[in-house]
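*Asks:* Below is one structure. I have some questions about it.
The values are calculated or read from the model by the stated rules, or taken from the named source; none is laboratory data. Everything numeric here is computed off the predicted structure, so don't read it as measured data. Here Cβ is always computed from backbone atoms with ideal geometry, including for glycine, and neighbour counts include all displayed protein chains. The area values use the complete protein model at the heavy-atom level, side chains included, leaving out ligands, DNA and RNA. Shrake-Rupley method; radii C 1.70, N 1.55, O 1.52, S 1.80 Å.
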Amino acid sequence: MNATISTPDIGFPELARRIREFGAGASMPAAARRRVEIMAGLTFDDGSSSRLLVDYEPHHPQLRTLYENAQQSQWSAVNDVDWTQQVEFGRPLPDDSAFAMAGFENSPLAARGRGMWDVFRWEVQSWLVSQFLHGEQGALIVAGRLVELVPDMDTKLCLATQVVDEARHVDVFARYLREHVPEPYPLSGPLESLLGDILDDSRWDITALGMQIMVEALALASFRLADRTFHDGLIRQIARLVARDEARHVSVGVLSLEQLYRELTTAELADREELVLDAAESTRRRFLLTDIWERLDVVAAEGVSYAEHDEVMVLYRKAIFSRVIVALGRVGLLTDRVREGLDKLGLSGFAQVRA
């Protein structure tokens, strides 16, 4: 494995000076050079530029606070979830709001009777929890990769705790689906594409932007809505616990990117705007619920058209994307181009944004 020298000035200015002076190290003994390299930090050229740091001094108090909070807020998927709660998947449900019931009357399901609306609502819950599971596994992989890639120790420590969080989320959602949902859904095409784009990029900040901002902020809003709209107490409890962790993850993403993104060139900014808009378009497509229409034998075009225009579904998409918009504003990516793109996708207009 090849390694190139990373020479951070913070904390080790003299070591950084020595490395620069020695250049390729022709006049420095090999053992001495190796000691200096290790003390200054190494970037391993292993295809993903893994960074081994030795500046262990804390430099970001807010990230350190998040790291401490993460350690104190750990919960057990076995002991802190009441798995004795009954889940009667598919049972009849009380009427939705008059607003939602009016939407049902205009849906391609209406001709099959009121009971079909309950079937649809349970399928939406099944689909959402299935996508939660797949997304959390994606977050587990990405968080582990970011531990290698990020250029400072404070962020590495926060991401290490996130790895543990994501493993727990995979565990808890998998158990819920295994024990209570007759037929979970596979990974949706748009989510698969988005996760692939995030994992394929070698730039750590693009990976962090895709996961910590575009995926985690959306998940946070989805979990908080799930706590109020899902149909059994067990999954609502799980959603509350997971949302507590996700709030930290979004904060880590914002804190790790906000300063860096103030210094982007025009070309670099354009790259990141492109990722944001691609991820937003993927999110919109995902929530047109193609997988559910297929399972319920609804003509795809009719189901998608209903999901595109039904007022409740439009508001839902705007609500879950509102957290993403706030996070984008905090890292300086709520540019005119991004605002215009989100408006065209019908994903803005819900959040009060702090620019």
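*Asks:* How much of the accessible area of region 205-256, in percent, comes from carbon and sulfur atoms when a 1.4 Å probe is used? Before the final figure, lay out the partial values.
*Replies:* Numbers: 560 of 1140 Å².
C and S atoms contribute 49 percent here.
*Asks:* What is region 221-355 by shape, rounded, prolate or oblate, if you read a ≥ b ≥ c off the alpha carbon gyration tensor as root eigenvalues and call it rounded for a/c under 1.5, prolate for a/b larger than b/c, and oblate otherwise? Each step should come with its number before you reach the end.
*Replies:* Details: a/c = 2.40, a/b = 1.36, b/c = 1.76.
Oblate, since a/c reaches 1.5 and b/c is not below a/b.
*Asks:* What whole-number value in Å² describes the accessible area per residue of region 209-300 for a 1.4 Å probe? Don't skip to the end; give the middle numbers.
*Replies:* Working: 3330 Å² over 92 residues.
Accessible area per residue, region 209-300: 36 Å².
*Asks:* Pop out the carbon and sulfur fraction of the accessible area of region 259-355 as a percent, whole number, probe 1.4 Å.
*Replies:* On the way: 2450 of 4990 Å².
C and S atoms contribute 49 percent here.
*Asks:* Next question, about the same structure. Would you mind getting me the FRET efficiency between Ala160 and Val78? Use the beta-carbon distance for r and R0 = 22 Å, nearest 0.05. Show your work: numbers first, answer last.
*Replies:* Details: r = 22 Å, r/R0 = 0.99.
Between Ala160 and Val78 the formula returns 0.50.
*Asks:* Whole-Hz Karplus ³J(HN,Hα) for region 188-195, in order, using 6.51 cos²θ - 1.76 cosθ + 1.60 and θ = phi - 60°, x for Gly and Pro?
*Replies:* Using θ = phi - 60°, the values come out as 5, x, x, 5, 4, 5, 5, 4 Hz.
*Asks:* Semi-axes of the equivalent ellipsoid for region 265-341, please: Cα gyration tensor eigenvalues, times 5, square-rooted, ordered largest first, whole Å.
*Replies:* Values: eigenvalues 179, 35, 16 Å².
So the three semi-axes of region 265-341 are 30, 13, 9 Å.
*Asks:* On to the next question. Given a 1.4 Å probe and heavy atoms of the protein chains only, how would you sort Leu66, Leu333, largest accessible area at the top?
*Replies:* On the way: Leu66 25, Leu333 0 Å².
Largest accessible area first, the list is Leu66, Leu333.
*Asks:* Could you work out the Rg to Rh ratio of region 123-253, with Rh taken as the Kirkwood radius (inverse of the mean 1/r over all Cα pairs)?
*Replies:* Numbers: Rg = 14.3 Å, Rh = 14.8 Å.
On the Cα set of region 123-253, Rg over Rh gives 0.97.
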